[in-house]
Protein chains: 2
Amino acid sequence: MKLRTRDVFTTMRPDLQRVEARVEEAADVDYPIISTLVLDLVRAGGKRLRPLILLLAGRAYRYDPDPLVTAAAGVELLHTASLVHDDTVDRAALRRGKPTLNSVLSSGAVILVGDYLFAQSAMLAAATESPRVVAIFASTLADICDGQLREMFDAHRLDQTREEYERRIYGKTASLFAGAAEMGAVLGGATEADVQSLRAYGSDLGMAFQIVDDVLDLREGTQHLGKPAGQDLRQGTVTLPTMLFAARIVPDSPEDVRLRAVVGGDLDDQADIDLVVADVRRSGALDDALAAADAFAERAKSHLEAVPDPETRGLLEEIADLVIDRTA
Amino acid sequence: MKLRTRDVFTTMRPDLQRVEARVEEAADVDYPIISTLVLDLVRAGGKRLRPLILLLAGRAYRYDPDPLVTAAAGVELLHTASLVHDDTVDRAALRRGKPTLNSVLSSGAVILVGDYLFAQSAMLAAATESPRVVAIFASTLADICDGQLREMFDAHRLDQTREEYERRIYGKTASLFAGAAEMGAVLGGATEADVQSLRAYGSDLGMAFQIVDDVLDLREGTQHLGKPAGQDLRQGTVTLPTMLFAARIVPDSPEDVRLRAVVGGDLDDQADIDLVVADVRRSGALDDALAAADAFAERAKSHLEAVPDPETRGLLEEIADLVIDRTA
């Protein structure tokens, strides 16, 4: 698996580097203090999965690198902009192992920097000159906001359905994976049926990605994630592993009482959060959540049957494996 | 003048009502508490000058209402979104005589509501299916952010040039007037030369509008503006009337010392701000600033020579008069 997952990055390196250059160019604000912070954030960025999916979805059809690289840079910047605002909303102190903008700049400056990055990402989407790409871009931004608003309004509530959880993480995370795959397929000139298959691939993959994220938040600590464990619990965000854990504990048991107090925000010491994290780990809920992520990743791969080019299909499958592999 | 300025609203009422309906539809968020607040804000909105300019710029050529109404609603929502974020940046308590979202919701919720409105405005721009309209939209958003960042970084500095001031208000305000006029002309199918003339009209008109705003901030109080006088001074924002005043006071005089202390943020009592406001009023700087606004409005009108349809040209001239009339 380790060997295979290197293929996709090797094959796509030249275009990913072009995406990188476009992103850095757009993040270069006129104010040195902000420019440095934004470039740090952009450079600390992860595996560039979203741009990669976009490039590959186009490559599966007609590979015209210019508009694909432009759109891919737009998608990565949209992601960065939404992280900047999300960290302000959550008042998070660390992101990608570094202080968030939010912890260094006033919240006013962070709002404006996020808006500036949104503007830059919209300019890149517009530069593709494809009305459909722009429409996907705009509706993806709306979906992301919807997901983040849901997360805010659903916070501190243990009585959520799996459907509510899935709708929320679709908006927050999967919508951008879906949009990236759709934009790539559109720019590649895929048939409408294939565009929809690739969109479905992106959507399911994004769901898998977020569930894995939710598991890692409970399983790993600062050393692996660059942020402390149990952040979601601290914010009252109820994720799938927590829901699965809640469904199996004895009502009014000490675990139940502790979980309700932490989710409700009545207990917020790190020690209390650590206890609930330990309860969840012990319950087996993490493995059950990972099984759900696996199912989404498998379903994502099943949508790739439509993809005509076997090499690109293989690379898109690799990405699905990579998303699940983060937990290995 | 009063009679004439009624013409444009009478003539354009049906289409402005369609714009209104599109804006309200887009502002209708899924969460009742937020939806009510956003609809209140949208309905309290002013004269809809930006959508009006867009509609008229199109009407001067080929009047195809559907895309024009869509783009006009997008422009009004972009304006609303930027007000929402700007009030958070400024921590303003009142806007249009009502409490800001910022004073009722957590700053996290306000960021997300602003982002949601940005997304809705981008969706409307995309719905025009004109790559150029989308490109204007995106670069206007970038200009607005640039202007707001400049306002933040230029705050508390009395040693600013007129050029810095103009660049800042261009971004913050005039860019959207310019973009609205340009989008309208593009959708109307104007020649490139005419598109540029209308853009120049919008830009100069927006400059006049912001200078008038800056004068009103010092001249009127809560009763007329729906917010207390001298807000800019309180935030350390140095506007044209303040710059003109500063240029004519005796160095180290009591007025000079007081002005420096208020702009620098060392004095922030309402009583101290009121004293500086009175100093500025007495100095005649407000009239000089209004003369500058007048000059921009006249220059705006001069760009209308290009407009072929005399009736629409007359209505666009009315808007320029209306912007200056706010001070009468």
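Return the equivalent ellipsoid semi-axes of the protein assembly as shown as a descending list in whole Å, where each equals the square root of 5 times an eigenvalue of the C-alpha gyration tensor.
Values: eigenvalues 420, 188, 93 Å².
Output for the protein assembly as shown: semi-axes of 46, 31, 22 Å.
Note on chain A: along the principal axes its Cα atoms extend 60, 48, 34 Å, ordered by decreasing extent. A Förster distance of 35 Å, applied to the separation of the beta-carbon atoms of B:ARG260 and B:SER106, puts the FRET efficiency at 0.50. Sorting A:TYR116, B:TYR63, A:TYR170 from the fewest to the most surrounding beta carbons within 10 angstrom yields B:TYR63, A:TYR170, A:TYR116.
Among the trypsin sites (Lys or Arg not before Pro) in segment B:135-234, those located in a DSSP loop and surrounded by at most 15 other Cβ atoms within 10 Å of their own Cβ are B:ARG157. Between A:GLN196 and B:ALA44, the FRET efficiency estimated from the beta carbon spacing at R0 = 51 angstrom works out to 0.75.
The ranking of B:SER107, B:SER82 from fewest to most other beta carbons within 10 Å of each one's beta carbon is B:SER107, B:SER82.
Relative to the Cα centre, the charge distribution of the protein assembly as shown, modelled as +1 at Lys and Arg Cβ and -1 at Asp and Glu Cβ, gives a dipole magnitude of about 280 debye. Dividing the mean sequence gap of close Cα pairs (under 8 Å, 6+ apart) by how many residues segment A:156-289 holds gives a relative contact order of 27 percent. When chain A is modelled as a GNM with alpha-carbon springs shorter than 10 Å, which of A:THR239, A:THR128, A:THR140 fluctuates the most? Result: A:THR128 has the largest fluctuation of those listed. Using the Cβ-Cβ distance between A:GLU311 and A:ALA271 with R0 set to 45 Å, the FRET efficiency works out to roughly 0.30. For segment B:117-160 versus segment B:50-81, the spacing of their alpha-carbon centroids is 16 Å.
The share of Cα pairs per 5 Å bin across segment A:194-328, counted from zero up to the longest distance, runs 2, 11, 19, 18, 15, 11, 9, 7, 4, 2, 1, 0 percent.
Within chain A, which complete DSSP H helices have Cα atoms spanning at least 27 Å along the helix axis and a mean Kyte-Doolittle hydropathy of -0.5 or higher? Could you put the intermediate results ahead of the total?
Values: long enough: A:2-26 (33 Å, -0.90); A:65-90 (37 Å, 0.34); A:107-127 (30 Å, 1.39); A:131-154 (34 Å, 0.43); A:192-219 (40 Å, 0.06).
For chain A, where a helix must reach 27 Å along its axis and average at least -0.5, the hits are A:65-90, A:107-127, A:131-154, A:192-219.
The helix-based estimate of mean residue ellipticity at 222 nm for chain B, built from -39,500 (n - 2.57) per DSSP H run of four or more residues and divided by its residue count, is -25000 deg cm²/dmol to the nearest 500.
Taking only C-alpha pairs under 8 Å that are 6+ residues apart, what is the relative contact order of chain A in percent? Could the numbers behind the result be given before it?
Values: 490 pairs, mean separation 64.6, N = 328.
With pairs under 8 Å counted, the relative contact order is 20 percent.
Placing pseudo-labels 7 Å out from each Cα toward the beta carbon at A:ASP288 and B:THR36 gives an inter-label distance of 3.8 nm.
Taken together, the values in this text are just the output of simple stated rules run on the coordinates, not laboratory data. Because the structure is predicted, anything quoted here is derived from the model rather than measured. All Cβ positions, glycine included, derive from the backbone under ideal geometry; neighbour counts span all protein chains shown.
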